[in-house]
Structures are given as C-alpha cells and as structure tokens.
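Taking it in order: structure first as structure tokens, then the write-up.
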Amino acid sequence: MISCRVCREHIPGYISRELSTAARSQVAAHIQTCDACYAVYVQQRNLSSELARTIPALGNPLPRFDRIWAGVEADMRQPKRQPMRLDQARYTMIVLLLMIALLLPWSIRAQQFNLPTPPTPAALNTPATPIAISMAKYTLEVTPQSNHAPIRGATDTP
Amino acid sequence: MTPEEIESSIARALRGDQTGYAALYEVFAPGIYRLCYSLLFNREDAEDVAQEAFVYAFRNLHRYDRKLSSLKTWLYTIAICRCRNMYRKNQLPTCDLAPLLQIGLPAPRSETPEAALARQTARETVERALASLSPRLREAVVLRYGHGLTYREIADVMDCPQKTAESRVRLAHEALRGSLQPVGHGLLEELLSF
C-alpha cells in the first residue's frame, strides 16, 4: 500500500491515464480506502477538466493570422544576420584593447595644460655674489627686530 | 494534417517551396498564438512572439531532427524561449497609457453589456490565476491543459526531467485550486465559450 504523499503525487498521472498499470492499480487501491486522498482526487479531476476547457479558450477571438503570416514572409525575405563568431569577437576585442592602450597615453599627453609659471621675483634672479649673500643674511637678521619699534627712552640713558 | 502530410510540407519547405511553409504555418499558427497569449496575456506581444518564433523556426528548419521530437514540440520549445525573452523585457518599468487615453476593449456587437462584463470578468479571473503562478508553473499548466501535451512532451519543451514536469503541473494545480474556486465549477466554461 502506497503512502498518501506518493498517492497524491501520482493523482495527476492517474487522472490523465499516464501511469503504468501497476502504479495505476496502487493509486486506485489507495483512493478506495483513504477518504482524504479521494477528496483530493475529486477536486483535481474537476479542476483538470475545468482547466482543459478554459485555458484553450484564452486568446479568443483569435487574431488575423494572415497578418502575422505577412510579417513572417517579410522577415523571411530579409537577409539573415550572421551572428559574430567567437574567434571574431575575441580578435575584435584584442584589437580594441590594443588601440586603447596605444592611444590613451598619447591623448593624455595631448591634453596636458600649459599653466603659466608664476613670475620669479627680480631679487632671486640676481647672481649670488658674496655681497648679495651677506646683504640677504643681514636682512633676515634685522627684519624681525625692525618690526618692534624700540620704546622711546627704554634704552636711553639719562 | 497527418504526420505524413507534415513531413511532406517540411520537405517542400526545405526545397524552398513557399507552399510548404504556408501549410506548416496554417497548421501550427493557432496553437503557437494561443500558447504565447496564455503566457503573456497581451495580444500584441503574443502576435509578435508568434511571428518571431515562426521566422526563427522556418530559417532553422534544416536543424529540426524528427528523431528527437515532433515538429509541434520543437515549435513550442522555440515559442516558449521567445516568451521567456518577453518576460524579461516586460520586467522593465512600463506605464499603461490605456486608462489615461480612455481606450476600452470593444465588445462584440451582438453582446449585451452584462454578458460582455461577465465574459471579461471570467477571462480576467483565469488570467489572474495563471499570472499569479511562477513562469515555470504557468508554462507547465498551459502546455498540459491548454495544449494537451503529455508529461514527456512537456519535459522536452521545458528542457527538464519528466518528474520535474509532473511536479510543476501538480504544484500549479494546487495553487490554481484555491484561486479558481470562488468562480465556481462550470461557470468559466460557459462564460468563455463566446
């Protein structure tokens, strides 16, 4: 005796008479004794016959098939597009990558901006003579002090 | 059309005879269109996908191997692949302009407004129930009940083991049982038989 689970799996095949003789007799025997499986069988049988009637009616009214045929004929007359073969696609990809690799540095160089260089101070352009160096040192040493004006009378001795 | 006639049409098409293609189209176009519509729920999309599927199939007819599957199964496989592409495309955000432009679906002239409404409601119920399923379950149940394919054929079309096809149909069945029950048994058939 088969289980309820196996019986229910076989019910669609039982309804459509697609089971082997042995399986069919097993399902029939189970349905005879099991009320729950019999109820499932009745439900599925009713639904199957209902679906077999209703689904084929979907799509009514049918379209004008001569119009679709005209489209089929028109498409058939057009030349068939050849799909690109794998090796062709591979070679095309390699050539493209090579071109990008060659052209990218060139295009980057071509796009470089020529920014104007800031004007160099005239003092820095003078040749570094010993006098100029000593003057520069003096300026660096004196300039911080020159920011602080001496307080009148602080250094004056009476 | 008998299998021999289908074979003869395939042979004629492969020789470049246009009548071979036309004969095959005439036999399979309604089924392919219904399959596409049952999966996409949009007439324009279904027509486009059916057209694409036939163009692809006819261009690649020399690849069809009758030892591997029937022509019907082969065509359904192509149509399902195209429908899956359409699901992916439809996942992109779109806006329905019909309510803004106040475009309504015209009812047949002989229909009363009440009957048209009832028919529309019934169709929407079935479509909503199918749309609530995952794409794989929907494909399985549509192939099973809409086109009467066997589990072996469903497995071939969906490119999965037969057991998987069986379990997908069973799961779809269980999901649909709940969503279609409120409409009532037999009512859908009556309403959709217009």
A:Ala101 versus B:Asn60: modelled label distance in nm, points set 7 Å from Cα along the beta carbon direction: 3.7
Inter-chain shielding of A:40-52 (mean C-beta neighbours from other protein chains, 10 Å cut-off): 5
Per-residue HN-Hα couplings for segment A:91-107 [Karplus 6.51, -1.76, 1.60; θ = phi - 60°; Hz; x = Gly/Pro]: 5, 4, 5, 5, 4, 4, 5, 4, 4, 5, 4, 7, 7, 5, x, 4, 5
Label-point separation in nm, A:Ile2 to A:Met93, each point 7 Å along Cα→Cβ: 5.0
Karplus-derived 3J(HN,Hα), 6.51/-1.76/1.60, for each residue of segment A:42-48, Hz, glycine and proline x: 5, 4, 5, 5, 5, 5, 4
Amide H within-cut-off set for A:Ile2, under 5 Å, with H built and near neighbours excluded: none
Shielding by partners - mean other protein chain Cβ count within 10 Å, residues of B:31-38: 4
Rounded to whole Hz, the Karplus (6.51, -1.76, 1.60) HN-Hα couplings of segment A:28-39, x for glycine and proline: 4, 5, 5, 4, 4, 9, 10, 5, 5, 5, 5, 4
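Given a Förster distance of 51 angstrom, what is the FRET efficiency for B:Asp17 paired with B:Glu127, based on the Cβ-Cβ distance and rounded to 0.05? Please list the in-between numbers first.
Values: r = 39 Å, r/R0 = 0.77.
After rounding to 0.05, the efficiency reads 0.85.
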Straight-distance crosslink candidates among aspartates and glutamates, where the alpha carbon sits under 19 Å from B:Lys163 and sequence neighbours closer than 8 are dropped: A:Glu9, A:Glu18, B:Glu139, B:Glu153, B:Glu174
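Using a Förster distance of 30 angstrom, determine the FRET efficiency expected from the C-beta separation of B:Ala115 and A:Glu73, and round it to 0.05. Spell out each step's value before the answer.
Working: r = 38 Å, r/R0 = 1.26.
Calculated transfer efficiency: 0.20.
Report the Rg/Rh value for segment A:35-80, based on alpha-carbon coordinates and the Kirkwood definition of Rh. If you can, show how the numbers build up before the last one.
On the way: Rg = 20.7 Å, Rh = 14.3 Å.
Using only Cα positions, Rg/Rh for segment A:35-80 is 1.45.
Can you give the average number of partner chain beta-carbon atoms within 10 Å of each beta-carbon in peptide A:66-76, as a whole number? Spell out each step's value before the answer.
Numbers: counts 2, 2, 10, 7, 1, 7, 12, 7, 2, 7, 6.
So the per-residue partner count for this stretch is 6.
Every number here is computed from the coordinates shown, using simple stated rules; none is lab data. Here the structure is a predicted model, which is why all the values come from computation and not from measurement. Counting neighbours? That spans all protein chains shown, and the Cβs are built from the backbone with ideal geometry, glycine included.
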